[in-house]
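For reference, the structure discussed in these notes is given below.
FYI, it's all coordinate maths here, none of it is from the lab. Computed from a predicted model, the values in this text were never measured in an experiment. Backbone-built Cβ (ideal geometry, glycine too); neighbour counts: all protein chains shown.
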Amino acid sequence: MALSAARVSQYKRDGFLIVEDLLRERDLEPVIDEIAGQVDNFAQTLFNAGKISSTYAGRDPYTRMAAIAADFDEAPGLFQVSTPMGPALAKLWSSAVLLDIVAQFIGPDIEGGAIWNVRPKVPENALMTVPWHQDSAYLAAEGQYTPQPACWIPLLDVTAELGCLQVVRGGHSPIGNAPHHVEKKVADPRSWYLYIREEDLPPGEVVTCEMRKGSVLFLNENVPHCGLRNRSSRVRWAIDLRWQRPTDPTGLEGVLIRGPRMRSASEPGFRPDMARWAREEREKYDEWVKRGDRDPLDPAIDGSWYFARWDPDFRRSSGAAA
């Protein structure tokens with residue numbers, strides 16, 4: 001599906017675009033089923049480790065992680081960072097329905113972004129409530145100039161009560177990052193988030209992005225956005241995926257492997273080997289988890305590359321380069 005010229009202009013002007021009903025049930029159901037299977041394995045691992053009192057096997061996908069988090073509040077974050085990309089999600093990420101739109105933003109040569117997430121936003125959990133930020137702030141400083149459009153895909157209808165996203169219309173211009181700060185210094189010390197203070201947000205209308213299941217929110221890498229607190233009784237499952245040009249820096253050199261090549265203008269018949277990339281990414285993750293005496297069920301993220309960028313105290317305490 002290609003967007004009209006007016007819709008592409010709207011994305012470039014506003015820094016975001018909601019495309020209603022872009023995905024069908026048959027696009028999403030395999031991903032939902034895959035995640036449900038991953039939650040089953042995850043719950044069994046936590047139960048075997050004594051982290052939770054039950055696997056809550058009788059729960060549906062929209063309540064089960066909330067029950068698990070009531071026992072172990074770090075479970076949603078651990079699931080987000082430790083669960084590998086499955087084939088159903090890989091197929092959606094590299095699907096024509098998404099790539100045809102991304103090509104209108106960055107051109108015909110497309111590589112997946114190095115960062116992707118499946119987010120189980122459980123009710124009233126501060127560790128899963130993402131404050132105002134720009135995605136590019138999590139990269140090395142030069143990464144803020146790499147076009148890296150993202151899409152945010154809810155797996156159910158989302159409202160403000162369920163913790164949908166808010167964006168600042170036009171807040172991506174001029175290009176570059178607003179000042180960011182490290183949330184763990186002022187809030188939960190387990191937080192891995194950066195945040196923009198309200199007074200540092202660029203001017204623009206704050207838009208609350210309530211969406212139907214099947215709709216997709218495309219985001220410019222520099223548009224400020226946040227997730228509202230989930231005040232419902234259900235888990236707000238959502239996916240975020242990213243893309244960039246293969247010739248541009250990722251902003252994550254030396255941290256994460258590059259994303260998979262997905263399209264090539266010089267090879268019209270090119271097909272990505274998503275399974276191979278997922279294996280390589282998992283090997284990198286496993287190397288990180290197994291370092292030292294680290295507990296594999298510790299969900300903490302080594303955010304040194306972005307903490308050090310924004311926090312002089314962290315640079316001094318960690319010995320990171322300024």
**Q.** Zone of ARG13's modelled label, taken as backbone nitrogen in region 159-193 under 19 Å from a point 7 Å along Cα→Cβ
**A.** 167-175
Q | Hypothetical label at ILE257: residues of region 74-98 whose amide nitrogen lies under 12 Å (7 Å Cα-Cβ projection) | A | 85
Q: State, to one decimal in nm, how far the label point of ASN41 lies from the label point of PHE270, with both points 7 Å from Cα in the Cβ direction.
A: 2.9 nm
Q | Full-stretch length increase - ASN48, SER173 - with 0.36 nm per residue and alpha-carbon distance subtracted | A | 40.1 nm
Q. Where in the chain are the helices, taken as whole DSSP H runs, whose Cα atoms extend 18 angstrom or more along the long axis and whose Kyte-Doolittle mean reaches at least -0.5?
A. 25-48
Q: Measure of size requested: the Rg and Dmax of region 6-126, with Cα atoms as the atom set and Å as the unit; please supply both.
A: 17.5, 55
Q: Treating only the Cβ atoms of Lys and Arg (+1) and Asp and Glu (-1) as charged, compute the dipole magnitude of region 23-73 about its Cα centre; round to the nearest 20 debye.
A: 140 debye
Q.
Taking amide H atoms as placed 1.01 Å from N in the peptide plane, list the residues 5 or more away in sequence, or in a different chain, whose amide H sits under 5 Å from that of ILE257.
A. none
Q) Does region 152-201 come out rounded, prolate or oblate, given a ≥ b ≥ c as the square roots of the eigenvalues of its C-alpha gyration tensor, rounded meaning a/c under 1.5 and, failing that, prolate meaning a/b above b/c? A) oblate
Q. Under 15 Å from a point 7 Å along the Cα-to-Cβ line of ARG229: which residues of region 94-136 have their amide N that close?
A. 122-132
Q: Just name one of TRP152, VAL186, GLY50: the one whose Cα is farthest towards the positive end of the charge dipole of the chain (beta-carbon charges, Lys/Arg +1, Asp/Glu -1).
A: TRP152
Q: State whether region 243-282 is rounded, prolate or oblate according to the following rule on the C-alpha gyration tensor (a ≥ b ≥ c being the square roots of its eigenvalues): a/c under 1.5 gives rounded; otherwise a/b larger than b/c gives prolate, and the remaining case gives oblate.
A: oblate
Q.
Between ARG282 and ASP157, how high is the FRET efficiency from 1/(1 + (r/R0)^6) when r is the Cβ-Cβ distance and R₀ = 35 Å? Nearest 0.05.
A. 0.65
Q: First check a/c for the chain, with a ≥ b ≥ c the square roots of the eigenvalues of its C-alpha gyration tensor; if it is under 1.5, answer rounded, and if not, answer prolate when a/b is larger than b/c or oblate otherwise.
A: rounded
Q | Length gained when the stretch ALA141-ALA96 is fully extended (0.36 nm per residue, less Cα-Cα span) | A | 13.1 nm
Q.
What are the extents of the Cα atoms of region 144-252 along their three principal axes, in Å, largest first?
A. 40, 34, 29
Q: Normalising by the residue count of the chain, find the relative contact order in percent from Cα pairs under 8 Å and 6+ residues apart.
A: 27 percent
**Q.** Cβ-placed point charges (K, R +1; D, E -1), dipole of the chain about Cα centre in debye, nearest 20
**A.** 140 debye
(Q) I'd like the distance between the alpha-carbon centres of region 80-116 and region 166-195, rounded to an integer number of Å. (A) 24 Å
